[in-house]
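The values are calculated or read from the model by the stated rules, or taken from the named source; none is laboratory data. As the structure is a prediction and not an experimental result, all values here were calculated from the model. Here the Cβ positions follow ideal geometry from the backbone for every residue, glycine too, while neighbour counts run over all protein chains shown. Surface accessibility is based on the protein's heavy atoms, side chains included, excluding ligands, DNA and RNA. Shrake-Rupley method; radii C 1.70, N 1.55, O 1.52, S 1.80 Å.
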Amino acid sequence: MPIEYINLFRESLFSKGCYLKRFIVVTGASRGLGEALAKIFMNADNFVLGISRNSNAELIDFASTNGFKYEELCLDLSQHASFDSISTEFKNKYFVNNDYDEYILINNAGVLEPIALLSKMDLKDLIFNLEVNVVGALGLINCFISSLENFEVQKVVVNVSSGAGRNPYEGWSAYCASKSALDMFSKCIALEEKRKPFGANIYSISPGVIETTMQDTIRSKTIDEFPMINKFLDLKENNLLKSPQEVAEKFKAFIDLKVKSHEVVFNLYDLI
Ligand code: NAP
């Protein structure tokens, strides 16, 4: 079925208050934005799979209290062996039958550190950053797309990027470069997927500044480590940080209604 018809169908379903049955993979579900994203997609029809190193007892409780389907894979996305496990779980457990109308991957897991001038950076930290933010996200896209190749359904990949991938920040070179790479990879994969009849819609979306432990880390730095720290102290003091819940709601609104958008790389708050 042409994608335009699917989008029309989707919009008419939503306008009638009906919902698609979705399988959603959210990385970094143990806290912050990922936790809020996992929670907001939970309902009686959906299946949410969280991936992070640590378990999230609150999400497990929330799901079991409400009878929602939520499971976790506790894996380190900096480790290549994790992708063998994920691929096996996708192919042999989660994506065996084509049970859902839509399959969504939200690559949200990310690390900001090392926050340091490159000349003072520990190279192990630099490599870890790139492994999680770039290789981790791409490894998951690889597992997701290849495992679903034969499913004639809507597939969506949302990479959580950052304004830092589009503007240089002193002291954040690893993070800025990793998010910039994520943006460009997303553009390339979007071209590849467009050729396929049921290729995935790929997006790389910057969410704005959110009150999570990542912001606590930023504010704990010295001005030498991060010369732009005052900007982030001011944002906190002036109450300008968004809550993870509010940002998750925006992401869901985008995924619900704007999947036909032709942009791959954009800011969440510019679009809706
Ligand atoms: P956060 O509170 O620090 O949470 C990061 C998440 O990533 C955690 O659940 C963490 O889980 C997971 N993670 C980190 N390393 C991992 C690894 N090696 N393997 C698996 N999971 C890993 O950060 P956040 O603020 O929610 O950030 C979420 C996303 O938004 C990130 O991609 C970030 O770059 C982006 N973002 C945030 C802001 C902001 O202001 N907060 C602004 C722009 C963009 P475990 O520790 O349990 O593994």
- So, of the residues in segment 41-60 that are hydrophobic (A, V, I, L, M, F, W, C) and within 19 Å of the chain's Cα centre (by Cα), which turns out to be farthest from the ligand (Cβ to nearest atom)? Phe47
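Got at least one residue in segment 98-116 being assigned to a helix (DSSP H, G or I), out of contact with any helix residue (DSSP H, G or I) (no Cβ under 9 Å at 6 or more places or on another chain) and either surrounded by fewer than 18 Cβ atoms within 10 Å (Cβ to Cβ) or touching a residue at least 12 places away in the same chain (Cβ under 8 Å) (or both)?
Filtering segment 98-116 for residues assigned to a helix (DSSP H, G or I) gives none.
Taking every residue of segment 98-116 in turn, none turns out to be assigned to a helix (DSSP H, G or I), out of contact with any helix residue (DSSP H, G or I) (no Cβ under 9 Å at 6 or more places or on another chain) and either surrounded by fewer than 18 Cβ atoms within 10 Å (Cβ to Cβ) or touching a residue at least 12 places away in the same chain (Cβ under 8 Å) (or both).
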- Members of segment 20-35 that are in a strand (DSSP E or B) and either more than 14 Å from the ligand (Cβ to nearest atom) or without any contact (Cβ under 8 Å) to a residue 24 or more places away in the chain (or both): Arg22, Phe23, Ile24
- Message: Exactly one condition in (1) in contact with a strand residue (DSSP E or B) (Cβ under 7 Å, 6 or more places away or on another chain); (2) of a type outside the set (Lys, Arg); (3) within 16 Å of the ligand (Cβ to nearest atom) is false for Ser82; which is it?
- Response: (1)
- Message: Residue under question is Glu149, and the condition is that it be closer than 25 Å to Asp256 by Cα and without any contact (Cβ under 8 Å) to a residue 40 or more places away in the chain; does it hold?
- Response: yes
- Message: Just to check your reading of the model, which residue among Ser161, Ser146, Ser173 is closer than 22 Å to Phe41 by Cβ and modelled with pLDDT of 95 or more?
- Response: Ser161
- Note on the structure: Residue set Ala63, Ala38; condition part of a helix (DSSP H, G or I), buried (at least 17 other Cβ atoms within 10 Å of the Cβ) and either of a type in the set (Lys, Arg) or within 12 Å of the ligand (Cβ to nearest atom) (or both); output residue Ala38
- Task: Given the conditions (1) more than 16 Å from the ligand (Cβ to nearest atom); (2) crowded, with 18+ Cβ neighbours inside 10 Å, report the number of the one that Gly136 does not fulfil.
- Result: (1)
- Note on the structure: Going through segment 140-177 in order, the residues found to be part of a loop (DSSP other than H, G, I, E, B), open to solvent by 10 Å² or more (accessible area, probe 1.4 Å) and more than 16 Å from the ligand (Cβ to nearest atom) are Glu149, Asn150, Phe151, Glu152, Val153, Glu170
- Query: Quick check: is even one residue across segment 217-235 within 11 Å of the ligand (Cβ to nearest atom), within 15 Å of Asn108 (Cα to Cα) and not in a loop (DSSP other than H, G, I, E, B)?
  - Reply: no
- Query: Quick one: is Lys91 among the charged types (D, E, K, R), open to solvent by 30 Å² or more (accessible area, probe 1.4 Å) and over 20 Å from the mean Cα position of the chain (by Cα)?
  - Reply: yes
